[in-house]
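Participant: For reference, the structure I am asking about is given below.
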Amino acid sequence: MSTPVITVDRVTKNFTNPSGEQLAVLSDVRMELREGEIVALLGKSGSGKSTLMRIIAGLVQPSAGTARLREAEITAPNASTAMVFQTFALLPWLTVRQNVELGLRAQGIPAYERAERVTDAIDMIGLDGFENAYPKELSGGMRQRVGFARALVVRPEVLLMDEPFSALDVLTAENLRGELMRLWGESAFPTKTMLMVTHNIEEAVQLADRILVLDNNPGRIKGELEIAIPHPRDTRSTRFQNLVD
Ligand code: ADP
Ligand code: MG
């Protein structure tokens, strides 16, 4: 629980807007994700939460400072992390199966192994029977299941989730949270470390070991809250069970 898997070290990020002005989005941000912990990242809209997550995912480069995966500087997306997006980010012209397989394409995994892993991911997240459906034929909850399957098929060490449940209705969100925590509680599940952006404080308190708050203008970590009553690990993964069943 103590080794940092992800270290964000004095990260600053400026964007240049179309009129040429510099926009300071993140300023000197430091944070860590330790092995096996779930951390929630809160902050107002525009405070830089998505940018920070994208830097950790290797999708955006910092203007200064570094993000590291263990000792290695993160300069590109890599198989140790995978991301789930608020608006699912599925490709509409691909089937469920093809969307999930995208997660593996970049990794040079042979076709037969890809097929097996895609089937496993689809079954694991409750999408069996929907393999050949297109995203537009699915409900929001099922679409986000595809988003999770595409991330988890990689068997990432760290799962990065950017408001993963906020586009879903309350009950659908609760069900999917329950699925995720059930998987997380299984000893064979490889993804134990998670960073989740959320606006939902209740969700953060229920799931997270720690809550980080990002302040606006420019984004800095304003505060950190260790959840005072540690989650008994088994109850967190079974708490939603009655809703899932
Ligand atoms: P949050 O996820 O907390 O709402 P974001 O990280 O999405 O915040 O955005 C923080 C700020 O950075 C916003 O003002 C946004 O407009 C700006 N921003 C984000 N990405 C870019 C980009 N690629 N180019 C220019 N500005 C950006
Ligand atoms: Mg965002």
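The values are calculated or read from the model by the stated rules, or taken from the named source; none is laboratory data. Just so it is clear, the structure is predicted and the values come from calculations on it, not from any experiment. Quick reminder, even Gly has a Cβ in these numbers, built from the backbone with ideal geometry, and neighbours come from all protein chains shown. The protein model used for the area step is the full one, side chains on, heavy atoms only, and it has no ligands, DNA or RNA in it. Shrake-Rupley method; radii C 1.70, N 1.55, O 1.52, S 1.80 Å.
Participant: Would you point out the residue of the stretch 206-215, among those that are touching a residue at least 60 places away in the same chain (Cβ under 8 Å) and farther than 15 Å from LYS49 by Cα, that is farthest from ligand 2 (Cβ to nearest atom)? Full working, then the answer.
Facilitator: In the first step, residues of the stretch 206-215 are kept if they are touching a residue at least 60 places away in the same chain (Cβ under 8 Å); the result is 207-215.
Imposing the further condition that a residue be farther than 15 Å from LYS49 by Cα reduces the set to 207-210.
Numbers: LEU207: 18, ALA208: 17, ASP209: 22, ARG210: 19 Å.
Residue satisfying both the conditions and the ranking: ASP209.
Participant: Could you run through the stretch 152-197 and say how many residues are open to solvent by less than 40 Å² (accessible area, probe 1.4 Å) and within 28 Å of ALA67 (Cα to Cα)?
Facilitator: 24
Participant: From the residues in the stretch 1-25 that are over 18 Å from GLY58 (Cα atoms) and in a strand (DSSP E or B), which one is least open to solvent (accessible area, probe 1.4 Å)?
Facilitator: Step one: of the stretch 1-25, the residues over 18 Å from GLY58 (Cα atoms) are 1-3, 16-24.
From what's left, in a strand (DSSP E or B): 16, 22-24.
Values: THR16: 90, GLN22: 127, LEU23: 92, ALA24: 52 Å².
Result: ALA24.
Participant: Assess whether ALA204 counts as being open to solvent by less than 30 Å² (accessible area, probe 1.4 Å), at pLDDT below 95 and more than 30 Å from THR95 (Cα to Cα).
Facilitator: Values: open to solvent by less than 30 Å² (accessible area, probe 1.4 Å): yes; at pLDDT below 95: yes; more than 30 Å from THR95 (Cα to Cα): yes.
Yes; evaluated as a whole, the condition is true for this residue.
Participant: While we're on this one: Quick check on my filter: what residues within the stretch 55-71 are within 14 Å of VAL5 (Cα to Cα) and open to solvent by 40 Å² or more (accessible area, probe 1.4 Å)? Spell out the reasoning first.
Facilitator: Restricting attention to the stretch 55-71, the residues satisfying the condition of being within 14 Å of VAL5 (Cα to Cα) are 56-57, 66-71.
Matches in the stretch 55-71: ARG68, ARG70, GLU71.
Participant: Now for a separate question. Condition first: modelled with pLDDT under 95 and outside any helix (DSSP H, G or I). Can you find one or more residues in the stretch 88-100 that meet it? Before you say what the answer is, go through the steps one by one.
Facilitator: Step one: list which residues in the stretch 88-100 are modelled with pLDDT under 95, which gives 88-89.
After this cut, where a residue has to be outside any helix (DSSP H, G or I) as well, the list is 88-89.
There is at least one residue in the stretch 88-100 that is modelled with pLDDT under 95 and outside any helix (DSSP H, G or I).
Participant: Further question on the same structure: So, of the residues in the stretch 40-73 that are β-branched (Val, Ile, Thr) and within 16 Å of ligand 2 (Cβ to nearest atom), which turns out to be farthest from the chain's Cα centre (by Cα)?
Facilitator: Restricting attention to the stretch 40-73, the residues satisfying the condition of being β-branched (Val, Ile, Thr) are 51, 55-56, 60, 66.
From what's left, within 16 Å of ligand 2 (Cβ to nearest atom): 51, 55-56, 60.
Values: THR51: 13, ILE55: 13, ILE56: 10, VAL60: 15 Å.
Only one residue tops the list, namely VAL60.
Participant: Sticking with this one: Checking TYR112 against (1) buried (at least 18 other Cβ atoms within 10 Å of the Cβ); (2) over 23 Å from ALA173 (Cα atoms), only one condition comes out false. Which one?
Facilitator: For TYR112, the exception is condition (1).
Participant: Another one. Look through the stretch 26-56, keep the residues that are out of contact with any Leu (no Cβ under 9 Å at 6 or more places or on another chain) and assigned to a strand (DSSP E or B), and return whichever of them is nearest to ligand 1 (Cβ to nearest atom).
Facilitator: SER27
Participant: With the condition kept exactly as written, say whether any residue in the stretch 78-89 is free of Cβ contacts under 8 Å to residues at least 60 places away in the same chain and more than 16 Å from ligand 1 (Cβ to nearest atom).
Facilitator: Within the stretch 78-89, the subset free of Cβ contacts under 8 Å to residues at least 60 places away in the same chain is 78, 89.
Then keep just the ones that are more than 16 Å from ligand 1 (Cβ to nearest atom); that gives 78.
Taking every residue of the stretch 78-89 in turn, at least one turns out to be free of Cβ contacts under 8 Å to residues at least 60 places away in the same chain and more than 16 Å from ligand 1 (Cβ to nearest atom).
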